[in-house]
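A.B. asks: What follows is a structure written as structure tokens; I'll ask about it next.
None of the figures in this text is laboratory data; all of them are computed from the coordinates on show. A quick note: this is a predicted structure, and the numbers were derived from the prediction, not measured. Because the Cβ atoms are built from the backbone with ideal geometry, glycine has one as well, and the counts that use them run over all protein chains shown.
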Amino acid sequence: MKTEKKQAYLSNEDVSVPLFKNKWVDRFTRTHIAIPVLVFFVYSACLLYYTIVKTDLSWPVVTGLFFAGLLVFTHVEYLVHRYVYHMEGDTPAKKEAQYKMHGVHHDYPKDKQRLAMPPFLSITIATILLLIFELILDKYSFSFLAGFLVGYAMYLLVHYSVHIFRAPNNFLKALWVNHSIHHYSPEDAMFGVSSPLWDYVFGTTPKKKGIKTAEIVVNDHL
């Protein structure tokens with residue numbers, strides 16, 4: 001059952017408000033989108049190179065693992081966005097954590113500096129994932145994680161583009177409409193950013209009213 005949510009944002013301009021009183025700490029909550037995207041692409045390229053040089057996996061297996069990682073990322077993206085970034089703020093600590101992780105983005109959706117995690121966190125998460133996947137998948141982990149991280153990079157590029165650039169007049173416009181439904185319609189819907197696949201699987205697609213609202217926003221603001 002879909003729940004109704006309140007007015008979408010405080011400012012639809014490129015406004016970046018402080019999250020922490022300490023200016024040095026607050027500075028590390030911001031990043032240029034190109035930095036984490038580059039980090040993930042380079043990290044992925046290194047993983048693929050290591051797989052080819054250091055393992056006996058064939059190209060078909062490497063390719064299959066890569067696309068499996070890409071698909072798994074879209075699922076993880078959906079789950080984290082829906083259940084972590086939009087968790088119920090039923091305690092003061094959870095409410096503050098949710099706001100700093102994601103709520104601020106909904107209040108200031110055009111803030112270019114907070115459309116991706118800072119590089120330090122990006123590298124840390126990639127390395128933790130590598131250790132976890134290696135424990136589970138052994139030599140199959142490197143190409144799988146490469147696909148997963150490319151999925152992450154593509155998610156960041158899509159997320160940045162739909163917030164900053166005008167929607168194109170082609171099939172990609174659907175990504176702009178989908179994410180505008182998530183931000184600007186009164187429904188809790190469309191948690192997938194890089195792909196709507198899992199919204200269809202789990203029934204979090206919007207009603208017609210939500211689609212109409214999003215199309216208006218796309219046409220007026222993007």
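A.B. asks: To test your reading of the geometry: what angle, between 0 and 90 degrees and rounded to tens, separates the Cα axis of helix 208-221 from the longest principal axis of the chain?
C.D. replies: So the helix axis and the longest Cα principal axis differ by about 90 degrees.
A.B. asks: In addition: Which order do the peptides 112-118, 79-85, 47-53, 152-158 come out in when sorted by mean C-beta neighbours inside 10 angstrom, highest first?
C.D. replies: Numbers: 112-118: 19.0, 79-85: 14.1, 47-53: 16.3, 152-158: 21.0.
The peptides rank, most packed first, as 152-158, 112-118, 47-53, 79-85.
A.B. asks: Could you calculate the FRET efficiency of Lys173 with Leu19 from 1/(1 + (r/R0)^6), where r is the beta carbon distance between them and R0 is 30 Å, rounded to 0.05?
C.D. replies: FRET efficiency, Lys173 to Leu19: 0.40.
A.B. asks: If you line up the long axis of helix 34-54 against the longest principal axis of the chain, both from Cα atoms, how many degrees apart are they, to the nearest 10?
C.D. replies: Long axis of 34-54 versus the principal axis of the chain: about 20 degrees.
A.B. asks: Mind pulling the angle between the C-alpha long axis of helix 141-164 and the longest principal axis of the chain? Nearest 10 degrees, somewhere in 0 to 90.
C.D. replies: So the inclination is approximately 20 degrees.
A.B. asks: Just report the Cα centroid separation between the range 120-170 and the range 34-104, whole Å.
C.D. replies: Cα centroid to Cα centroid, the span is 4 Å.
A.B. asks: Please give, to one decimal in nm, the separation of the simple spin-label points placed at Lys95 and Phe67, each 7 Å out from Cα toward the Cβ.
C.D. replies: Placing both labels 7 Å beyond Cα along the Cβ direction yields 4.7 nm.
A.B. asks: Apply the Karplus parameterisation 6.51 cos²θ - 1.76 cosθ + 1.60, with θ equal to phi minus 60°, to every residue of the range 129-135 and state each ³J(HN,Hα) to the nearest whole Hz, in sequence, with x for glycine and proline.
C.D. replies: Coupling constants for the range 129-135: 4, 4, 5, 5, 5, 5, 5 Hz.
A.B. asks: List the equivalent ellipsoid semi-axes of the range 1-108 in whole Å, largest first, each obtained as the square root of 5λ for an eigenvalue λ of the Cα gyration tensor.
C.D. replies: 36, 20, 13
A.B. asks: Further question on the same structure: Return the subset of Lys94/Lys207; Lys21/Lys110; Lys21/Lys94; Lys100/Lys173; Lys110/Lys173 for which the Cα-Cα distance in this structure is over 27 Å, preserving the input order.
C.D. replies: In this structure, Lys94/Lys207; Lys100/Lys173 exceed 27 Å between Cα atoms.
A.B. asks: Compute the distance in nm between two label points, each set 7 Å from the Cα along the Cα-to-Cβ direction, one at Lys112 and one at Val42.
C.D. replies: In this crude label model, Lys112 to Val42 measures out at 2.2 nm.
A.B. asks: Which of Phe191, Phe144, Phe133 ends up with the largest GNM mean-square fluctuation for the chain, with Cα atoms connected below 10 Å?
C.D. replies: Highest fluctuation of the listed residues: Phe133.
A.B. asks: Further question: Could you state the per residue volume, in Å³, of the convex hull enclosing the Cα atoms of the chain?
C.D. replies: So the per-residue hull volume is 142 Å³.
A.B. asks: What ³J(HN,Hα) values, in whole Hz, does the Karplus curve 6.51 cos²θ - 1.76 cosθ + 1.60 give for the range 58-68 when θ = phi - 60°, with x put for Gly and Pro?
C.D. replies: 7, 4, x, 5, 4, 5, x, 5, 4, 6, 5
A.B. asks: Right, something else. For a label point 7 Å from the Cα of Lys54 along Cα→C-beta, name the residues of the range 115-135 whose backbone N is under 12 Å from it.
C.D. replies: What the label zone holds, given the 12 Å backbone N cut-off, is 131, 134.
A.B. asks: Go ahead and run the numbers for FRET between Asp26 and Thr124, Cβ-Cβ distance against an R0 of 22 Å, rounding to 0.05.
C.D. replies: So the FRET efficiency works out to roughly 0.75.
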